[in-house]
Structure formats: C-alpha cells, structure tokens
1. Which three extents, in angstrom, do the Cα atoms of segment 4-296 have along their principal axes, listed largest first?
2. Taking other Cβ within 10 Å of each residue's Cβ, how do Trp160, Trp259 sort, fewest first?
3. In nm, what is the difference between 0.36 nm times the number of residues separating Arg134 and Leu111 and their Cα-Cα distance?
4. Hey, rough spin-label estimate for Phe103 and Lys47, points 7 angstrom out along Cα→Cβ, what's it come to in nanometres?
5. With Cβ to Cβ distances under 14 Å as the rule, what net charge do the other residues near Ser197 carry (K, R +1; D, E -1)?
6. With viscosity set to 1.002 mPa s and temperature to 20 °C, compute the Stokes-Einstein D of segment 193-246, Rh being the Kirkwood radius across alpha carbon pairs; µm²/s, no decimals.
7. How many nm is it between the label spots at Ile72 and Leu187, if each spot is 7 Å from the Cα in line with the beta carbon?
8. Let me check I have the definition right: for segment 108-160, take the eigenvalues of the Cα gyration tensor, multiply each by 5, take square roots. What are those semi-axes in whole Å, largest first?
Amino acid sequence: MESTSSKSGIAAFFASWSNIVFFPLEKVKYHMTVSSPYSKNYIPYYKNSVEAFKSLSSQGIKQLYRGWHFQIISSISWSVYFYIYESMKRLSRKYNIVKHTEFEKFSIAALSSFISNFVLNPITVVKTRALLIRNSEHWVSDTIDSTVKTWKLEGIKGFWRGYWIGNLLGLNGAFTVYFYELFKNILNADNDYRKISLAGGLSKLAASSMIFPVNLIKIRIQQEQHIDNILLKAKNIDKASPNSNILYYGLRDCISDVWNTGGFRGFYRGLGITLVRVIPAQALFFTVYEFILHTLA
C-alpha cells in the first residue's frame with residue numbers, strides 16, 4: 001500500500017495541472033512585475049495589468065499560452081513539496097519532535113518549502129527567463145535558449161540565482177499550507193468540497209498578500225541580467241563580457257531600485273492580477289488535491 005507521502009505527492013502533481021487554464025494571468029503577472037519606465041530589460045512599461053493583458057493578447061492566444069508547459073513542470077514542484085511535507089509530518093508525530101500543534105504545522109511547512117526550493121530553483125530561473133524572452137519563437141526553443149544562455153553567461157551559479165530571497169518566498173508555500181489547514185479546520189471542511197475550495201482560496205489570498213514583495217524581488221533578480229545580451233540568442237553568445245552592463249548587482253541594488261522608482265507601491269506592482277489568478281487557481285488546486293487524495297485512500 002502506498003504511503004501517505006506518496007499519495008500526497010501524486011495528488012499535488014495532478015492537481016497542479018488544473019491551473020493551466022489560469023496560465024495567461026501568470027504570464028501577465030511576470031511582465032507586470034518586471035515592467036518599469038526606468039528599466040533596461042526591454043520589457044514595455046505597462047500602467048496596469050489590463051494594459052499588459054491587452055498587449056500580450058493582441059499577439060494571439062498562442063502567445064498568451066506560450067510557456068504553459070512550465071505549469072506541468074510546476075506540478076513536479078508541488079508534488080515534491082507535498083511529499084516532503086507529509087513525510088516530515090509523519091516523522092514529527094512518530095518521534096514527537098514538536099508538541100505545539102500550530103507551531104508544528106508551520107515549522108514543517110516552512111522547512112519543506114526550504115528543501116523543495118533548493119531542488120527546484122533552477123526550474124524557476126529558466127521559467128522566469130523563458131516567459132520574459134523578448135524574441136519568442138517556440139516553447140521548446142525558448143526553454144532551451146534560456147537554459148543554454150544562463151549556463152554561458154552565469155555558469156552553474158546562475159541556476160540558483162535568487163535562491164536566498166527565494167527561501168523567504170518559500171514562506172509563501174508554508175503560509176499557504178498553514179492557512180489552508182487553519183481555514184479547513186475552522187470551516188470543518190473535511191468532506192465538503194465547497195468549503196475546501198473556499199479554504200484554498202482564502203489561504204492563498206492571505207499568503208500572497210503577505211509575501212508578494214518577496215515574490216516581486218525574486219522575479220526581478222531571476223530575469224536575465226546581462227543587458228547587452230538580452231536580445232541575443234544563446235548561439236550568438238560565447239560568454240559574458242567582464243564589462244557587461246548588469247540590471248542588478250545584488251539584492252540590495254534590486255530593492256533600492258524598486259523603492260527609488262516606485263516607492264512602497266512599487267513592491268506590490270502586479271498584486272492585483274496575481275490575486276485574480278491565484279485565488280480561483282488555489283481553490284481549484286486544493287479541491288482537486290483533496291479529491292485525488294481521497295480517491296487514492
């Protein structure tokens with residue numbers, strides 16, 4: 001008989017597929033996040049999410065969904081996360097490591113996020129760069145080009161760009177799971193899929209609102225950094241020039257830029273479209289997750 005951890009991982013993997021329908025909003029979020037009137041990343045400046053959506057959709061529905069395969073790859077990340085989460089919950093109970101229930105739930109969720117973030121950071125780097133690629137041709141070539149380009153310009157370290165700030169972003173997953181468990185208990189939603197859906201949506205609303213500035217900084221740091229090579233294909237690049245112009249020289253530089261160009265509101269640029277996407281997406285995710293989990297039980 002399969003372990004609870006394996007079932008949880010399988011359920012999370014297939015539940016994530018349900019979010020493909022919301023992928024265009026994910027793409028708009030990425031473009032809004034890095035869009036700035038002062039940036040040198042060649043992304044147009046959008047005043048709001050509606051303008052960004054109109055611009056991207058004017059290129060056709062295929063352009064909006066180009067890169068959707070990353071949602072399937074993201075399924076792996078959720079699968080890994082929930083597998084680790086359930087495994088650590090089981091070990092905690094077996095050895096009575098933590099006695100305070102609420103603290104136990106959050107601690108395990110946070111540690112699971114940190115571990116899965118290390119394993120999956122290379123995927124998020126390639127995803128960010130492929131979704132923001134300026135001369136997009138095809139989802140396969142975009143993915144390969146972003147991967148090869150990262151290797152040529154930054155080496156192995158490039159695939160873990162944004163990892164440390166990503167550890168804070170790992171709290172997003174931790175808060176999401178924590179709030180989901182909390183709202184599910186409050187709503188007594190064990191076998192009621194409408195309540196499960198509500199708990200899932202509310203959990204993401206709370207978590208995303210709290211942690212969004214970290215998400216924005218991570219995306220900006222993980223985008224292509226070598227300004228002179230942004231519009232070039234990987235095949236036309238040998239290696240990074242020692243005098244290459246860089247978007248951000250580090251975390252502090254990125255935070256200062258956001259503050260100087262957008263003030264406090266700059267850290268929440270793209271939050272609206274994010275909530276429009278993640279609330280129904282997460283409601284659907286947890287509904288499908290619980291259904292599959294109960295089916296496998």
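1. For segment 4-296, the Cα extents along the three principal axes come out at 55, 39, 38 Å.
2. Going from sparsest to densest Cβ surroundings: Trp259, Trp160.
3. Using 0.36 nm per residue and subtracting the Cα-Cα distance, I get 4.7 nm.
4. 5.1
5. Local charge sum for Ser197: +1.
6. 147
7. Rounded to a tenth, the inter-label distance reads 3.1 nm.
8. Each semi-axis is the square root of five times an eigenvalue, giving 25, 13, 7 Å.
Every number in this text was worked out from the coordinates using simple rules, so none of it is lab data. In this text, all values refer to a predicted model and were calculated from it rather than measured experimentally. Methodologically, a virtual Cβ is constructed for each residue, glycine included, from the backbone with ideal geometry; neighbour enumeration extends over all protein chains shown.
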